[in-house]
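Notes for the one structure printed next.
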Amino acid sequence: MHDTLTLLAAGGEFNPLGHVLDQGVHGTSGNVKFSLVMVLLGAVLVYWMLSSAAKRIAIGAESDGHDRWVTRGRLAQLVESMVVYLRDEMLGPVMGERLTRKYLSYLLSLFFFILVLNLLGLVPFMDLQHFVSRGVFSMDEATVFFGGTATASLAVTGALAFISFVVIQVHSIRELGFGGWLEHLCGGHELVHGPKGLYLVIPIIFVVEVLGLFIKPAALAIRLFANMVGGHTLMATLLMFGALALNSGLNIVAVGSISLVSGLFAVLIGVLEVFVAFLQAFIFMFLTAVFISTMSHEDHEEHDDHAPAGAEAAAH
């Protein structure tokens, strides 16, 4: 019983970070990390989920009658509801119709990819492999090939943030032109072509804006990484209390009580972690959309300046 509790609690050690820290896959001498395996697994699952949902969401044959307009399958209906909500209620008001249509595929792919990686991290793949290899077959060394939370690796979140950084900067230069991009970094057209007395402010603004180019994606990476590490460490610590109580020599009543209470709190934290998994995927996607929209032409303002009052009211 002690071995089982210990294995399920912290991967064979009284260390909650065993669930969180990136480790090497068994038999690879640490050259292949769990995060890489989980990223590949997540990519396959996202591709399967979205492609399968797209086929079921697509309009059917005319022979199906009115049913041709109905999305088939629970998963496809869930994906469709999430996509429509994110597009119409979240991205559209921030980016506008033109940018939403242009970047919707990337932003939704980013959201679902991070979401799947976050949710996969809640499945105890590592513990099950520890239990089977050491608890059943009595092997001296646990045989673990995959598991953990890929987004609890700063390398993974940093790579995702770097891709968003490239997308934002490429969009900025294509949207504003290289000169307009530099003007934006210097405080905008009004400041660059404004009173000469304000030119002394431009170098300060330029330094701040250039630093902001890197701080924004870095904040995305660190926020996602920190939330995943913190939540999973707390869950692993709660699950470890039962094994610690048993190892300390307490009687069975005390061990059972501690295990029950810690297990109950772990379940509650697990429910919270599911919410955090959705929230952090949304925040990463939404802030990327915000950063893209801030580096775009304000087409709606130009339209409002030339539109009559009635048309402006109707537009609002």
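Looking at this structure, is residue 245 in contact with a helix residue (DSSP H, G or I) (Cβ under 6 Å, 6 or more places away or on another chain), farther than 19 Å from residue 147 by Cβ and crowded, with 21+ Cβ neighbours inside 10 Å?
Values: in contact with a helix residue (DSSP H, G or I) (Cβ under 6 Å, 6 or more places away or on another chain): yes; farther than 19 Å from residue 147 by Cβ: yes; crowded, with 21+ Cβ neighbours inside 10 Å: no.
Judged against the criteria, residue 245 is not a match.
Please enumerate the residues belonging to region 182-210 that are surrounded by fewer than 16 Cβ atoms within 10 Å (Cβ to Cβ) and within 28 Å of residue 110 (Cβ to Cβ). If the condition is that a residue be surrounded by fewer than 16 Cβ atoms within 10 Å (Cβ to Cβ) and within 28 Å of residue 110 (Cβ to Cβ), then 182, 208, 209, 210 are the ones that fit.
Determine whether region 145-158 contains at least one residue that is farther than 20 Å from residue 20 by Cβ, in contact with a helix residue (DSSP H, G or I) (Cβ under 7 Å, 6 or more places away or on another chain), surrounded by 15 or more Cβ atoms within 10 Å (Cβ to Cβ) and at pLDDT below 90. Looking through region 145-158, none of the residues is farther than 20 Å from residue 20 by Cβ, in contact with a helix residue (DSSP H, G or I) (Cβ under 7 Å, 6 or more places away or on another chain), surrounded by 15 or more Cβ atoms within 10 Å (Cβ to Cβ) and at pLDDT below 90. Of all residues in region 211-226, none are part of a helix (DSSP H, G or I), buried (at least 16 other Cβ atoms within 10 Å of the Cβ), at pLDDT below 80 and of a type in the set (Gly, Ala, Ser). Pull out all pairs, ordered by first then second residue, where Cβ-Cβ is under 8 Å, the residues are six or more apart or on different chains, the first lies in region 158-173 and is within 16 Å of residue 105 (Cα to Cα), and the second is not in a helix (DSSP H, G or I). What qualifies is 168/295; 171/295; 171/296. Among the helices (runs of 4 or more DSSP H) confined to region 247-316, the ones with at least 2 residues that are among the polar types (S, T, N, Q), within 36 Å of the chain's Cα centre (by Cα) and at pLDDT 85 or above are located at 252-294. Would you say residue 87 is surrounded by 15 or more Cβ atoms within 10 Å (Cβ to Cβ), free of Cβ contacts under 8 Å to residues at least 40 places away in the same chain and assigned to a helix (DSSP H, G or I)? Yes.
The values are calculated or read from the model by the stated rules, or taken from the named source; none is laboratory data. Treat the numbers as computed from the prediction; the structure is a model and nothing was measured. FYI the Cβ positions are ideal-geometry reconstructions off the backbone, even for glycines, and counts take in every protein chain you see.
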